[in-house]
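Visitor: First the structure, then my questions, so here it is.
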Number of protein chains: 2
Amino acid sequence: MLLEQWLKSYQPEELFTEEGALIPELQALAPVGEKRMGDNPHTNGGKLLRKLRLPDFSAYAVNVEAPGKSVAEATRVQGKFLRDVMAANLTSKNFRLFGPDETASNRWADVFDVSGRTWMERTITEDDHLEMDGRVMEILSEHTCQGWLEGYLLTGRHGFFNCYEAFIHIIDSMFNQHAKWLKTTSKDIAWRRPVASLNYLLSSHVWRQDHNGFSHQDPGFIDHVVNKKSDIIRVYLPPDANTLLSVTDHCLRSRNQINVIVAGKQPAPQWLTMDQAIKHCSSGIGIWEWASNDAEGDPDVVMACAGDVPTLETLAAVDILRQKLPELKIRVVNVVNLMTLQPKEEHPHGLPDRHFDDIFTTDKPIIFAYHGYPWLIHRLTYRRSNHHNLHVRGYKEEGTTSTPFDMVVMNDLDRFHLVADVVDRVPRLRQRAAYVKQYVRDQLIDHRHYIRQYGEDMPEIRDWIWSY
Amino acid sequence: MLLEQWLKSYQPEELFTEEGALIPELQALAPVGEKRMGDNPHTNGGKLLRKLRLPDFSAYAVNVEAPGKSVAEATRVQGKFLRDVMAANLTSKNFRLFGPDETASNRWADVFDVSGRTWMERTITEDDHLEMDGRVMEILSEHTCQGWLEGYLLTGRHGFFNCYEAFIHIIDSMFNQHAKWLKTTSKDIAWRRPVASLNYLLSSHVWRQDHNGFSHQDPGFIDHVVNKKSDIIRVYLPPDANTLLSVTDHCLRSRNQINVIVAGKQPAPQWLTMDQAIKHCSSGIGIWEWASNDAEGDPDVVMACAGDVPTLETLAAVDILRQKLPELKIRVVNVVNLMTLQPKEEHPHGLPDRHFDDIFTTDKPIIFAYHGYPWLIHRLTYRRSNHHNLHVRGYKEEGTTSTPFDMVVMNDLDRFHLVADVVDRVPRLRQRAAYVKQYVRDQLIDHRHYIRQYGEDMPEIRDWIWSY
């Protein structure tokens, strides 16, 4: 009764037609076009989006005369490219870098030649690249970085977030909401214009926490990301600087996605020329012919890898195997775009089954060295025909402050364990397995003694170079 | 030179013996026993740990005369038990509940009969259970709750964290550090005494966000948790109130672990008597004989479920199948302890392969209705013999504010999709498949029309009761 009285006090008979629709005079009060709240350029930021001016990334290529002969820090090379992206877009003011206090640590410091860190307060002479109009947003709060970047993208600009791999989990929950927002607005709401993708560089990754140790080791953000809708998410594991450049250029051009790139910052061997890198990244996965010796027949084993450190260990294992067992036919597969592993029906980048079977065979053992938690590779490939022959090595929560090689040894991802994995799984090697495995055991014992005595890896590990 | 001068100024010849060891007088200065920093009871909190006084949890049992005949809110029943745990340990002051502003929303409000929310400021009469010495720590900051609870456990006390399932991701990174800390201290450091486990209740879960919608739907914390070392982590999905009671009692007695319990707070059918619940939870996985009809021979299909809503939908599907296809032999399997699915070598709770094969068969189709992201079940079971016959339904990031049943329909987890999944996968049903699938289609069309018109689920869905 009271409710009815109250509602009737608004005199609905004056506001609605007999059919219950709003009267035309009131309907006319609603704003139209860009005056509508959701279609206003301030909220539909895609309307304001302008393409970035991008220099030719191939101009930053590391010279690779032969695989493994050059050494470079991948993210430092990327930083030079980003410096020039920053320079090219300074006047349009639509590009920023975001991150906790790690811009220099993750090797992007060259960007400071062009623009400093945003800082509104008084500065003193000792301050390092602080500027009132600096375009590098640096604050030791991953939450703030993520929030800033989301707002920046949603209002029509472009950006890149760099973070230590382990600590990006701090914004897991915020990532979820952005992914859900993108899924809903890009698929279900036709009038929303695409915005620039949210790009993450995760560096200082799980395998190279030589001084920080176990607390700084967590490659699980990838696992978190791949649970979100497949149209939205991309994960890239470029194995060297040239592939990282190619992937970076691609991510800066993409729209309405979340791109996760994991790449190392330490000096590391370089594998591909820029031409090879572009082709490899376009496919996202491929056989490395120069490392394989099965071109003229069936392989005995497929050695797959994803991530810079697993790629290094895989190639070092192949090197040992080709010396010790020259008759063994090995196919080396590298994965840059992790989503290629999923079936086509599950992810737009997924390889068709036929193509996957061509690469991984349908009956040969696959030893897969992976950057993160090994189970993820099984989760992505369990429907593939040769899945039962797939054996994955990765991070299994073993670690401490130790040498880089000891980290891979603790997790059975090192070249020697990979050699043993191959010997265990290729039937025709049974006869000679004992000898090779004894060699592996001896090497691992040498390793343990050496690092205990000298605190660094053995010279033959540190200085190993691909020999073919 | 300067360095040498400076170091020599400490006169090392007076401090060290010729062999380079500290001289005995200085060695004697180091504290011994509990005076050592790490062995002090304030830092080695396990030394102060006293067992909780626990009332008999079976006294709180919901009366279940026949499966599905009683209705209860599982976490409200758990709240009554926790109320009395609180009461029994009030004088020893070593038990607290933690959570954002959700203690009442997650149905633990009964605990306020015994102790209020901690509040140090002035109160006014309208305030709801605020007390200076309240033992419920409530603050809308998951970070603060997690930090408080970790400190409380590490200093030898007991606690329980309740949270909306989707938002526990906020503390993903803090969880990581606690898990890494437990792994290191419980395995590698013999003199550290065990501390009470970190217990999470995740309620208001993905399937019942009727009013909050897509932003509140995320069952991925489980995925995050299972990447950590298996000795440390446990995940429980009790399907009703009595199983939740049994699991809760177990978690409060456990040490050095992280226990994640996911359970609903909405009125829901109750399946097991307390006696059945205790047996089921002790195994962690089991065939529900009362729901199965394959006791006298091989099943045609195994219908497995984990989580309260998937269990409801599975039983409703079994009900339909047994009515429409009475000759079909169905085995119903329920999983409370998710870790039983993993191989024994991967997790201490993992079922031996032989036992797993007994339950899931080695050759029959398995339709698995799972609470979270479906891929997790594949990741846990990919090594099992019958994995190639496993078909999992779960949350695939589809959702909005809608009815409870519409949520499961959007994710193909509803009874009708499950019926269709069975019909598609049992070869001898091919002949009749078209009829059953037409029935399924018709039901789903009715559902869509009905909820659009009435804004709630069809009576036959809302009021469905297990009929055997």
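A short reminder: the numbers here are calculations on the coordinates, not readings from a lab. Since the structure is predicted, the reported quantities are computational estimates derived from the model, not experimental observations. Glycine also receives a Cβ, built like all others from the backbone with ideal geometry; neighbour counts cover every protein chain displayed.
Visitor: If the cut-off is a Cα-Cα distance under 19 Å, which aspartates and glutamates reach B:Lys35, setting aside same-chain residues fewer than 8 apart in sequence?
Guide: Once the sequence-local aspartates and glutamates are set aside, what remains near B:Lys35 is B:Glu25.
Visitor: Measuring label to label, 7 Å along Cα→Cβ, what does A:Arg425 give against each other copy in nm, shortest first?
Guide: 2.7
Visitor: Compare the peptides A:25-35, A:345-355, A:307-317, A:147-157 by average per-residue count of other Cβ atoms within 10 angstrom and give them in order, highest first. Let's see the in-between values first.
Guide: Working: A:25-35: 9.0, A:345-355: 15.4, A:307-317: 27.0, A:147-157: 19.5.
Top of the packing list down: A:307-317, A:147-157, A:345-355, A:25-35.
Visitor: Can you list the equivalent-ellipsoid semi-axes of the protein assembly as shown, largest first and in whole Å, using the square root of 5 times each Cα gyration tensor eigenvalue?
Guide: 45, 36, 35
Visitor: Another question, if that's okay. Can you list residues from other chains, or at least 5 along the same chain, whose modelled amide H is less than 5 Å from the amide H of B:Tyr395?
Guide: Hits under the 5 Å cutoff: B:Gly372, B:Tyr373.
Visitor: When the convex hull of the C-alpha atoms of the stretch B:11-72 is computed, what volume per residue in Å³ does it have?
Guide: In the stretch B:11-72, the Cα convex hull volume per residue is 194 Å³.
Visitor: Same structure, new question: Taking the Cα centroid of the stretch A:287-317 and of the stretch B:174-239, what is the distance between the two, rounded to the nearest whole Å?
Guide: Value for the Cα centre distance between the two parts: 37 Å.
Visitor: Between copies, how close do the A:Glu121 label points come, placed 7 Å along Cα→Cβ, listed in nm from shortest?
Guide: Here the equivalent label points are 2.7 nm apart from this one.
Visitor: What is the packing order of peptides A:166-172, A:100-106, B:171-177, taking the mean over residues of other C-beta atoms within 10 Å and listing the highest first? Mind dumping the intermediate values first?
Guide: On the way: A:166-172: 24.7, A:100-106: 18.7, B:171-177: 22.4.
Highest to lowest by the protection proxy: A:166-172, B:171-177, A:100-106.
Visitor: What is the mean number of Cβ atoms from other protein chains located within 10 Å of the Cβ atom of each residue in peptide B:165-173, rounded to a whole number?
Guide: 6
Visitor: Let me ask you something else. How high is the FRET efficiency between B:Glu65 and B:Glu398 when r is their beta carbon distance and R₀ equals 35 Å, given to the nearest 0.05?
Guide: So, using R0 = 35 Å, E works out to roughly 0.40.
Visitor: If you average the C-alpha positions of the stretch B:367-385 and of the stretch A:113-135 separately, how far apart do those two centres end up, in angstrom?
Guide: Each part's Cα centre sits 51 Å from the other's.
Visitor: Give the relative contact order (percent, whole number) for chain B; include only Cα pairs under 8 Å separated by 6+ residues.
Guide: 14 percent
Visitor: Please compute the modelled spin-label separation between A:Met410 and A:Ala295, points set 7 Å along Cα→Cβ, answer in nm with one decimal.
Guide: Between A:Ala295 and A:Met410, the simple spin-label model gives 4.1 nm.
Visitor: Could I ask something else about it? If you line up the Cα atoms of chain A on their principal axes, what length do they span on each, largest first, in Å?
Guide: Projected onto its principal axes, the Cα set of chain A covers 95, 60, 44 Å.
Visitor: Quickly rank A:294-300, B:406-412 as a protection proxy: mean count of other C-beta atoms within 10 Å, highest first.
Guide: B:406-412, A:294-300
Visitor: State, in angstrom, two size descriptors of the stretch A:151-292 derived from its alpha carbons: Rg to one decimal place and Dmax to the nearest whole number.
Guide: Reported Rg and Dmax, both Å: 16.2, 50.
Visitor: Separation between the A:Tyr10 and A:Thr362 pseudo-spin-labels, each 7 Å from Cα along Cα→Cβ, expressed in nm?
Guide: Here the modelled spin labels are 6.6 nm apart.
Visitor: Got a sec? Charge dipole of the stretch B:90-236, +1 on Cβ for Lys and Arg, -1 for Asp and Glu; which of B:Trp148, B:Ala104, B:Ile232 is way out at the positive end?
Guide: Towards the positive end, the residue furthest out is B:Ile232.
Visitor: Is the shape of the stretch A:202-248 best called rounded, prolate or oblate, per the rule: a/c under 1.5 gives rounded, else a/b larger than b/c gives prolate, else oblate, with a ≥ b ≥ c the square roots of the Cα gyration tensor eigenvalues?
Guide: Details: a/c = 4.13, a/b = 1.26, b/c = 3.27.
Oblate.
Visitor: Something else: Give me the orientation-averaged projected area of the Cα convex hull of the stretch A:5-158, in nm², one decimal.
Guide: Projected over every direction and averaged, the Cα hull of the stretch A:5-158 covers 17.6 nm².
Visitor: What spacing in nm lies between the two simple spin-label points modelled at B:Arg448 and A:Arg448, each 7 Å away from Cα in the Cβ direction?
Guide: Reported label-point gap for B:Arg448 and A:Arg448 is 6.3 nm.
Visitor: While we're on this one: When a/c is below 1.5 the answer is rounded, else prolate if a/b is larger than b/c, else oblate, so apply that to the stretch B:394-468 with a ≥ b ≥ c taken from the square roots of the Cα gyration tensor eigenvalues.
Guide: prolate
Visitor: Starting from the Cα gyration tensor of the stretch A:350-423, take the square roots of the eigenvalues, sort them a ≥ b ≥ c, and report rounded, prolate or oblate (rounded when a/c is under 1.5, otherwise prolate if a/b is larger than b/c, else oblate).
Guide: prolate
Visitor: With the dipole of chain B worked out from charges on the C-beta (+1 for Lys and Arg, -1 for Asp and Glu) around the Cα centre, which of B:His169, B:Gly286, B:Gly79 lies farthest toward the positive end?
Guide: Farthest towards the positive end: B:Gly286.
Visitor: To the nearest 20 Debye, how big is the dipole of the stretch A:81-139 about its Cα centre, given +1 on the beta carbon of each Lys and Arg and -1 on that of each Asp and Glu?
Guide: My answer is approximately 300 debye.
Visitor: At 222 nm, what helix-only mean residue ellipticity would chain A give, in deg cm²/dmol to the nearest 500, using -39500 (n - 2.57) for each DSSP H run of four or more?
Guide: Working: 16 runs with 162 residues, N = 468.
-10000 deg cm²/dmol, from helical runs alone.
Visitor: Among A:Lys396/B:Lys396; A:Lys229/A:Lys396; A:Lys228/B:Lys396; B:Lys229/B:Lys344, which pairs are too far apart, with a Cα-Cα distance over 18 Å?
Guide: A:Lys396/B:Lys396; A:Lys229/A:Lys396
Visitor: Here is a further query. Give the separation of the Cα centroids, the stretch B:393-468 to the stretch A:9-41, in Å.
Guide: 38 Å
Visitor: If you put a point 7 Å past Cα along the Cβ direction, how far is that point for B:Leu2 from the same point in each other copy, in nm, smallest first?
Guide: Values, ascending and in nm: 8.3.
Visitor: Taking a cut-off of 20 Å between Cα atoms, list the aspartates and glutamates near A:Lys187, but don't count ones fewer than 8 places away on the same chain.
Guide: A:Asp39, A:Glu150, A:Asp231, A:Glu345, A:Glu346, B:Asp218, B:Glu397, B:Glu398, B:Asp406, B:Asp412
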